Structures are given as C-alpha cells and as structure tokens.
Amino acid sequence: MSIKSQTLDITAPVQQEGTKAVLRSWLKADGDVVKKDEPVVELETDKVVVEVCAPCDGVLRCVMPVDTDAAPGSLLGRVESASATAAVASASAQAAQKPQDRVQASAGEFRLSPSVRRLLAENELDAASICARGTGRDGRLTRQDVLDVIAQQQASPVTPPNVPVKTEVEKPPVEIPNPVTPAPVIAQKPPAATGGPKVASLIPHSSMRRKIAEHMVHSVTVAPHVTSVFEVDFSAIIAHRKRNKELFASQGVNLTFTAYFIAACVEAMKASPYVNSRWHAEHLEVFQDVNIGVGAALGDKGLIVPVIHQAQELSLMGIASRLQVVTEAARSGKLKPADVQGGTFTISNHGVSGSLFASPIIINQPQSAILGIGALEKRVVVKEIDGVDTFQVRPMAYVSLTIDHRVLDGSQTNAWLSRFVEVIQSWTLKV
C-alpha cells in the first residue's frame, strides 16, 4: 500500500531586527520524528535567540548546516509528512543506524546536535560528563556549553573533574573532509610569539558577539557621528521618586530613573522631531510612534536592547511597568523577537557602571541618534538666589546626544537636549 506524503519547508522568519541571523543549532537530528509546532532549530542574531518550529508532524530533513548565515526567508530544512506508522518505522531505522547519536543522561535520553558532536570529538571531550551543564532547551547541551568548558580548560592549569582533556601532541595540520560546516579554530595551547607577550588563552567569539561587532562597524561606517553634551540636575526627579516610590511598589512596579529618562525623551521629541527618524537615500522617514530602546548589559555576552513601544501613549506608571517586564526578560534570556523590534531611538545608561561620560556612543542603526546618561554624582554648582551667586551641592550627571550628522545639525541636537534637561530639572509630568 502506497503512503501519501508531502514535504513542508522550514524557513527563517521574514521579520528580523538588526543584522542577519545565524543557524545556532539543530534541536533535532536529521531523520528524527517531530511534531507540529515542536522547536527544531535555533537561530541567533545579535539581539535574541529564536526557535523555529516544525510546520507539521513528520520526519525532519536538515538542509542548512550549523553556523551558516540565515537570511530572512531562507530554507533551513524540511519536514516529510507521512502516516504515523511510516514515521515510527523511519525513526526506528534511524536509531538503529546512529546509536552514537544518543547519550544516556541522568534525566533520560540526551540528544546532541551535529555541531556539538563534532566539537566534542575534535577536543576529545566526554559528553556524558558535561551534559549536566546544558543550558539549552530542556537541558540540552549546546555548542556554547562545550566552548565554555574548553575555555575553562585553557584558563585553568587544573583539569576539571571527570572531563578528559586532549593530550597535546604536535601534529601536522589535517584537512577537514567536510568544509561545509567548519568548526571554530580553538587553540588548546596558545602559540608563543618570539619576543612578544605571553598569551593566556584564546576565547572563541560567540555568534552574538560577532553580530554586535558587525553592527557597530556598520554604524560608524555609514553615519558620521557627532556628540553634544549637557549637564543635568537630578534634584527634581529624586524628590518626585521619593514621594511616589511606595505608590509604585504597592502595584508591583519598581520606579527607576530610566523611566523618567524615557518620559523626558518623549517630550524632547516634540522640540526636535527629526531625532525620531530614519535616513533613506531619497528621503527622511520621521516616526509618529516613539519606540525607545534601553540597552541592557548581559555581562561578557554583550548587550541587548529591549524596546518600549509607543512610549508617547504611556504614563510614567505605564513606562515603569513595561520597562520592568522587558528588562527582567532580557536578563533571563526570555525576550521575544517583538520585544527588540521596531525601535526608533535608544538610551545608553552607561553611568550605572560608573562612567561619567562616553563618546561617541555608537548609534543603533538604522536610527538617527542615541542618548547617553552618565553616572550621578554630587557636584558643587553655582546658583543665583535673589541676585546673589551661591555655591550649592547638587546631584548632577552628564547627558549626551550622539547624532547622525546626515540627519541632524547642531541646533536641532541642542534643542532636543535643552528640552530633555528642562523636563528632568523641573519635573511636572503626571504619574
């Protein structure tokens, strides 16, 4: 009896924010039986990791290799849809042919992607001894997990327990038989440079770090960066926050200074609307919605920018609430693609780590400007009271606006900053 089957494509999402994605790992192996809407492949951009699901029940056929650039709409793989009986039979045959693909873990059967298996084999690591460290979906061991173990071995003279390390033997270079999916070059022992400094370790770049680098180079290449700096007194918002912090907390919302910055940005856009725009070769696209991204540091992994959409429609309470949700999602790795898409302006609050001033803060392309907030510190300033100059100690910070000089001139930049400072220093906006 013939079995009717059809093949459905698995493609990269068409809507992608920022740079192109990279196929990070296959969550299922070629020939595996998959269910409709089951995650089968991970794509990584400089902002988020996206899981792509199977379009139907059937047998997975992997097409695109791991570590390959995945442009929007590109073909990743296919699912051969057939009867359940045929699918089960196919899965049994695959299991019999590839027993090495399965590793028994304490929690049950543990599956490794092709790139993880290859990386383990090249570095003679025992998967069973490190599978408990898996950070992927359902505790899967990811390629980055293996790279982390390798980096730890290089950095420490002590061999981690139960993790066999490759013995160093001088060997001539061996050509990799399959150049389609090249593995990163990882030196177990850094080469010694004659007369040069000793190298501690070689750390492979993560896909996120590579994409951030590409994005930054692109920005400074296409846009002439110019920075203007003002100083702002935080006294008014500190007093307002002190009066309203408990009210916000009673509703489960943390009132941060960043919420004030976002609200002040919305007001400043009214003074200089072109700051909220995008440059095109033939025209300037000025946005009605003020979608403000806020940089959130992820430690050594890099930076991600969740977006507060339509901030012009939100009260201070609404901004603070939404900011709290996306910031927590960013730090826990639970951001959705929509959370980082559609930004029209960005805030870099670099002062949280102690920086007084940074220049230039690189513009988040294709936006036209980025606001920098320096560290808050008490400084002596001169204030005139009843015609007499007085010295006062005030909580001050430097704020900068880095602009794309193709879009904005100095007068527009300073008009925006003047209004921003005015709103912060004489806070009258409603909660």
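The values are calculated or read from the model by the stated rules, or taken from the named source; none is laboratory data. Given the structure is predicted, the values throughout are model-derived calculations rather than measurements. So basically every Cβ, Gly included, is an ideal-geometry build from the backbone, and we count neighbours across all protein chains shown.
Can you find even one residue in the stretch 413-421 that is of a type in the set (D, E, K, R) and within 22 Å of SER272 (Cα to Cα)? So that I can check it myself, show each step before the final result.
Step one: of the stretch 413-421, the residues of a type in the set (D, E, K, R) are 419.
This time we only want the ones that are within 22 Å of SER272 (Cα to Cα), so: 419.
Yes, there is a match, as at least one residue in the stretch 413-421 is of a type in the set (D, E, K, R) and within 22 Å of SER272 (Cα to Cα).
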request  = Report, ordered by the first and then the second residue, all pairs with beta carbons closer than 9 Å, sequence separation of six or more or different chains, a first member in the stretch 246-257 that is in the same structural domain as THR327 (by TED's automatic domain parsing), and a second member that is aromatic (Phe, Trp, Tyr) and part of a helix (DSSP H, G or I).
outcome  = ASN254/PHE248; LEU255/PHE248
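Which residue, of LEU316, LEU323, is hydrophobic (A, V, I, L, M, F, W, C), touching a Lys or Arg at 6+ places or on another chain (Cβ under 9 Å), assigned by TED's automatic domain parsing to the domain that holds ALA249 and under 19 Å from ALA249 (Cα atoms)?
Working: LEU323 fails: touching a Lys or Arg at 6+ places or on another chain (Cβ under 9 Å).
Of the residues listed, the single one that is hydrophobic (A, V, I, L, M, F, W, C), touching a Lys or Arg at 6+ places or on another chain (Cβ under 9 Å), assigned by TED's automatic domain parsing to the domain that holds ALA249 and under 19 Å from ALA249 (Cα atoms) is LEU316.
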key: Among the candidates VAL421, VAL399, VAL340, VAL407, residue that is aliphatic (A, V, I, L, M) and at pLDDT below 95   = VAL340
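Looking only at the stretch 222-251, count how many residues are surrounded by fewer than 13 Cβ atoms within 10 Å (Cβ to Cβ) and farther than 20 Å from GLY372 by Cα.
First, the residues of the stretch 222-251 that are surrounded by fewer than 13 Cβ atoms within 10 Å (Cβ to Cβ): 224, 239, 242-243, 246-247, 249-251.
Narrowing further to those that are farther than 20 Å from GLY372 by Cα: 239, 242-243, 246-247, 249-251.
The number of residues fulfilling the criteria is 8.
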task = Working only within the stretch 305-331, note down all residues that are part of a strand (DSSP E or B) and either surrounded by fewer than 22 Cβ atoms within 10 Å (Cβ to Cβ) or under 13 Å from the mean Cα position of the chain (by Cα) (or both).
result = VAL307
note = Conditions (1) under 18 Å from VAL325 (Cβ atoms); (2) in contact (Cβ under 8 Å) with a residue 12 or more places away in the chain -> LYS270 fails only (1)
Selection count where residues are within 28 Å of MET396 (Cα to Cα), surrounded by fewer than 20 Cβ atoms within 10 Å (Cβ to Cβ) and within 20 Å of the chain's Cα centre (by Cα), scope the stretch 332-363 = 4
ask   = Counting just the residues of the stretch 380-413 that are assigned to a helix (DSSP H, G or I) and surrounded by 16 or more Cβ atoms within 10 Å (Cβ to Cβ), which one comes out farthest from the chain's Cα centre (by Cα)?
value = GLN412
message = Would you confirm, using the coordinates I've provided, whether ALA213 is within 25 Å of the chain's Cα centre (by Cα) and either surrounded by fewer than 18 Cβ atoms within 10 Å (Cβ to Cβ) or of a type in the set (Ser, Thr, Tyr) (or both)?
response = yes
message = Could you check the stretch 377-403 and list, in sequence order, the residues that are in contact (Cβ under 8 Å) with a residue 40 or more places away in the chain and either more than 24 Å from VAL286 (Cβ to Cβ) or of a type in the set (Ser, Thr, Tyr) (or both)?
response = VAL381, ARG394, PRO395, MET396, ALA397, TYR398, SER400, THR402
message = Checking the structure you have, find out if any residue of the stretch 364-376 is without any contact (Cβ under 8 Å) to a residue 60 or more places away in the chain, more than 18 Å from PHE420 (Cβ to Cβ) and of a type in the set (Gly, Ala, Ser).
response = no
